[in-house]
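J.: Sending over a structure as structure tokens; questions will come in a sec.
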Amino acid sequence: MTRSRHRSFQTFITLAVSVAGSLAAPAVAQPGATPAVAAQPPEPARPFTTADELLDALATADKGLASLTARVRYVRNFGAIEGGEVQIRSGTLWFLAEPQSSVVVTDPDKPAPAAPPSRKRFAIDFTTLQIGSENRKEEKSYIFDGEWFIEKDAAQRQIIKRRVVPAGEIADPLRIGQGPFPIPIGQRKQEILARFDVTLVDPLEGIPDAPSLRILLATTYQLKLVPKPNTDEANDFREVRIWYRTTDLLPRMARTIETDGSAAEVLLIEMKRNPLDHQGKSFVTLARFDGQTPEGWAEQVDDLPKPSDTDK
């Protein structure tokens, strides 16, 4: 995979994990095989009129989110240097935030210790690929299991594993300076503003004349982020745009323009927060994030260098 193509999937994964910065509410189990859908959170008390206000709300908007599913539409427009090809992939996103342990209060007169961070996992299972007028089945999966970023290609019977978090550690893959996908979702406002010029723009700015998409985005907030000079983000992106639903601040769409002129767009629809199965248990289980290599598949493993290797 070229640098540009690998970077495009960083962009996609970024939006996938950004659901961790979305509002959530407890779900109520219903009988039957269809997963229960969480109750809708209350609408924000007032509309946001500045980027600062929206960033403040997004920084604390992840309370109560344990899992999420959504349908995904991913459009990749490669730059002229790569032939200008347009690819459209469709599939399903799975997200799970797994608590690591409970907090034990031993002295009620002292402040309770902070709860340990949850281990965030996500998977995207693509099932179809469209190139031009050709639409075909093509199964590809992208998994982050908390430590490894895994690509599974069913047609090629190949799996590629890249460790992005040291063994035994918990890291936020979106946290600037900590994770491998440094895009501002669910982060402190000051960290975002240190690396990006952020503006709140009209929700339909930059949207093509596509009626269905314009209707979908009419009731969103759009943040436009331009990397500041001499930042890591400036090496990859000219700009990042993210749309959030006004009702609950769930991310609806993200679009990036990269330094080589290529573009990526991700649309999330039919989002279900904290879905439950017919037994009242989480519909999203650890089995969704299986990174084991199937028998007969080729495997490539890229681990992080050992400390002794980096000291040489």
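J.: Could you check, for region 263-278, whether at least one of its residues is in a strand (DSSP E or B), under 20 Å from PHE48 (Cα atoms) and of a type in the set (A, V, I, L, M, F, W, C)?
T.: Looking for residues that are in a strand (DSSP E or B), under 20 Å from PHE48 (Cα atoms) and of a type in the set (A, V, I, L, M, F, W, C), one finds none in region 263-278, hence no.
J.: Hey, another quick one. Among the residues of region 102-124, which ones are within 19 Å of VAL284 (Cβ to Cβ) and either at pLDDT 95 or above or among the basic types (Lys, Arg) (or both)? Working first, answer last.
T.: Looking only at region 102-124, we keep the residues that are within 19 Å of VAL284 (Cβ to Cβ), and these are 117-124.
Selection gives ARG119, LYS120, ARG121.
J.: While we're looking at this one, here's another question. Please pick out the residue among ASP236, ASP260 that is farther than 24 Å from ARG119 by Cα, more than 17 Å from the chain's Cα centre (by Cα) and either crowded, with 19+ Cβ neighbours inside 10 Å or not charged (D, E, K, R) (or both).
T.: Unique residue meeting the criteria: ASP236.
J.: Among the residues of region 229-244 satisfying the criterion of being part of a loop (DSSP other than H, G, I, E, B) and among the polar types (S, T, N, Q), which is modelled with the highest pLDDT?
T.: Restricting to residues being part of a loop (DSSP other than H, G, I, E, B) and among the polar types (S, T, N, Q), the top hit is ASN230.
J.: Here is a further query. I'd like to know if region 144-160 contains one or more residues that are closer than 23 Å to PHE126 by Cβ, modelled with pLDDT under 85 and of a type in the set (A, V, I, L, M, F, W, C).
T.: No: region 144-160 contains no residue that is closer than 23 Å to PHE126 by Cβ, modelled with pLDDT under 85 and of a type in the set (A, V, I, L, M, F, W, C).
The values are calculated or read from the model by the stated rules, or taken from the named source; none is laboratory data. Note that this is a predicted model, so its numbers are computed, not measured. As a convention, Cβ positions derive from the backbone with ideal geometry for all residues, glycine included, and neighbour counts pool all protein chains shown.
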